[in-house]
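Right, one structure below, let's go through it.
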Amino acid sequence: MDTLNIKINGRDYTVPTGLTVLEACRYAGVEIPTLCYLKDINEIGACRLCLTEVKGARGMVAACVYPVDRDGMEIVTNSTKIQEARKTNLKLLLSNHDKKCLSCVRSGRCELQKLCNDYGVDTVDAYKGAMNQYEIDDSAPHMIRDNNKCILCRRCVAVCEKNQSVAVLGANERGFNTHIGCAFDQDLWEVPCVACGQCTAVCPTGALYERDETDKVWAALEDPTKHVVVNPAPSIRATLGECFGMPIGTNVKGKLVAALHRLGFDGVYDTDVGADLTILEEANEFIERVQNGGKLPIITSCSPGWIKFCEHNFPDFLDNLSTCKSPQQMFGAVVKTWYAEKNGLDPKDIVVVSIMPCTAKKFERSRDGQSAAGVPDVDVALTTRELARMIERAGIDFVNLADEEFDAPLGITTGAAAIFGATGGVMEAALRTAVETLTGKELESVDFKEVRGTQGIKEATYNVAGLEVKAAVASGLANARELLNRIRRGEANYHIVEIMACPGGCVNGGGQPIQPANVRNFTDLKAIRAKALYEEDANLPLRKSHDSPVIKVLYDEYFGKPGSHKAHEVLHTHYQPRETYGKDR
Ligand code: SF4
Ligand code: SF4
Ligand code: SF4
């Protein structure tokens with residue numbers, strides 16, 4: 001490794017070449033504040049919080065874009081002059097900001113608020129003058145946009161365009177009137193936003209946030225006429241602990257269940273049952289398409305952000321999509337049909353609450369074709385962040401809860417379902433079932449490690465009963481776009497493709513706990529959170545969806561077999577082309 005010898009704050013360090021001042025300081029263990037910087041996708045030097053002094057440079061430089069390019073470079077990160085400049089810049093940001101911290105969803109977890117505290121900003125109206133006033137955009141089912149709290153850092157613009165290739169957010173107008181919005185200032189739900197929520201996860205302030213639906217859950221829990229069941233998605237156990245200060249990647253499954261019991265749900269079940277069911281149906285659909293000349297590649301349908309993206313941008317692939325509902329929707333459909341019948345409940349009196357990694361689940365539950373019993377399969381989809389808020393408000397000491405088990409029967413699940421939360425997990429789970437079904441033999445190893453890992457696009461080929469099965473996995477919609485364009489152009493062909501809207505899959509979903517950029521930029525959140533799920537899989541006694549006793553009961557008692565008429569009525573859905581503007585980018 002080529003290195004450079006530099007001085008930071010008077011101390012000698014040896015750092016690799018090719019770094020910026022920000023990266024070199026981080027490498028040396030010296031933190032520099034940032035607001036706009038997002039590694040690799042938003043390195044624009046706009047917020048001026050990372051100002052530093054470099055000997056020989058004219059004035060102060062923005063550390064996030066200034067290269068460390070010579071031996072002997074001398075950097076100062078923390079002089080009183082620098083501190084004063086950062087403080088002034090914070091006051092300037094506040095001069096056009098509503099400063100309503102007391103009623104702000106991000107208070108206590110706001111990067112702007114924290115820096116104002118850190119830098120001793122002692123007045124919020126140092127620069128009084130005209131202020132912009134914006135209408136709140138609450139047009140979308142999944143999130144709210146409040147430009148009155150926006151600091152124009154453009155992180156949202158960068159993730160939407162560069163990670164997701166959706167590009168519905170941008171800076172409108174110029175100068176003092178500059179504001180973040182959609183083209184021609186349309187509302188968010190008038191443009192092809194796919195509801196992924198990735199923008200809400202990177203916004204440093206309360207300008208973008210999930211639509212809070214916790215009031216609906218509190219009301220249902222208090223209503224004696226309602227039977228309220230809850231189901232957390234596989235990834236929630238690997239992330240919820242972060243909301244309570246626990247280390248990233250801590251599996252809090254037992255505490256999660258205990259907290260849900262304390263909140264008073266009538267049934268605390270596991271979306272993993274829906275995931276196991278999805279695998280039975282999807283593997284069957286895959287095998288049928290292979291054996292009967294159906295549309296290939298079959299593409300997974302668990303990720304509602306991906307589905308909406310496909311409907312807007314790749315309508316020619318809609319017939320490739322698996323018709324399986326997502327695990328959230330399959331779970332809800334089973335509760336409103338089989339479970340309702342078994343327990344003598346009217347589906348209208350059941351409230352299904354999902355805890356999801358994803359804001360797009362709020363949109364998915366209201367789609368057509370998601371009402372197996374004539375009422376919505378799922379009534380409320382909360383994000384991980386909303387659940388954390390409920391736990392806090394209920395006064396539950398989450399960190400010190402003793403572990404509890406999910407309720408029977410819809411809480412007994414497999415390792416195959418646990419890994420749904422990581423990119424490649426659905427593919428691996430489907431292969432475990434499809435291979436055993438096609439070969440009629442038990443797998444020697446259930447680990448399909450080639451499809452694991454956080455790369456944006458992964459490929460693998462498996463010989464299954466004489467057929468070379470070509471598989472591809474993409475996460476993040478920019479990667480999905482690239483993969484689908486390759487298939488469109490005839491440069492690649494596959495039998496089975498898994499696509500997740502969020503980079504790294506659900507563990508990095510738009511509804512997951514927000515980590516500030518100084519953590520996000522230098523920590524592989526996706527990999528650490530996914531590790532917790534793969535460990536859970538490895539330690540579970542059942543690791544294949546078709547071995548689940550609950551799944552066996554569901555088919556014996558209700559569905560007959562995968563792909564049956566009943567299964568199609570309850571567990572499958574349909575898609576629709578949606579308008580979009582512009583040509584495929
Ligand atoms: S965005 Fe931050 S600084 Fe602004 S009102 Fe909310 S908590 Fe306060
Ligand atoms: S929710 Fe996703 S698609 Fe919509 S604006 Fe945010 S990042 Fe873009
Ligand atoms: S909405 Fe949030 S992420 Fe987007 S520019 Fe404003 S402050 Fe930054």
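Read-outs: derived from the displayed coordinates by stated rules, not from any lab. These numbers come from a predicted model, not from an experiment. Positions of Cβ are generated from backbone atoms using ideal geometry, with glycine treated the same way; all protein chains shown enter the neighbour counts.
A few notes on this one:
- Only Cα pairs under 8 Å and 6+ residues apart enter the sum, and on that basis the relative contact order of segment 93-210 stands at 30 percent.
- For segment 455-514, the set of trypsin sites (Lys or Arg not before Pro) satisfying both a DSSP loop assignment and a count of at most 11 other C-beta atoms within 10 Å is given as 489.
- Between residue 445 and residue 467, the C-beta separation translates, for a Förster distance of 25 Å, into a calculated FRET efficiency of about 0.85.
- The chain: DSSP helices with Cα axial extent of at least 24 Å and average Kyte-Doolittle hydropathy no lower than -1.0: 271-292
- Those GluC sites (Glu not before Pro) in segment 94-194 that DSSP places in a loop and that have at most 15 other beta carbons within 10 Å: 135, 173
- Here the residues 214, 439, 225, ranked from fewest to most Cβ neighbours within 10 Å of their Cβ, fall in the order 225, 439, 214.
- Looking at the chain, the DSSP beta bridges with both ends there are about 55 percent antiparallel.
- Segment 3-78 - Rg and Dmax from Cα coordinates, angstrom: 11.3, 31
- Estimated 222 nm signal from helices in the chain, with DSSP H stretches of n ≥ 4 weighted -39500 (n - 2.57), rounded to 500: -8500 deg cm²/dmol
- Added length on full extension, which subtracts the Cα-Cα distance from 0.36 nm per residue, residue 489 to residue 291: 68.8 nm
- Charges were assigned to the Cβ only: +1 to each Lys and Arg, -1 to each Asp and Glu. The resulting dipole of the chain about its Cα centre is roughly 1660 debye.
- Each of 189, 338, 306 was scored by other Cβ atoms within 10 Å of its Cβ. Listed from fewest to most, they are 189, 338, 306.
- Computed over the chain: relative contact order in percent, which uses C-alpha pairs under 8 Å that are six or more apart: 16
- Fraction of C-alpha pairs exceeding 39 angstrom in segment 215-571: 9 percent, rounded to a whole number.
- For segment 21-88 versus segment 321-388, the gap between their alpha-carbon centres in whole angstrom: 48
- FRET efficiency for residue 1 and residue 31, using Cβ-Cβ distance with R0 set to 30 Å, rounded to 0.05: 0.85
- Shown here for segment 409-505: GluC sites (Glu not before Pro) in loop regions (DSSP other than H, G, I, E, B) with at most 11 other Cβ atoms within 10 Å, namely 442, 444, 491.
- Listed by Cβ neighbour count within 10 Å, with the fewest neighbours leading, 461, 580, 52, 278 appear as 461, 580, 52, 278.
- Compactness of segment 235-355, expressed as Rg and Dmax over alpha-carbon positions, Å: 17.7, 52
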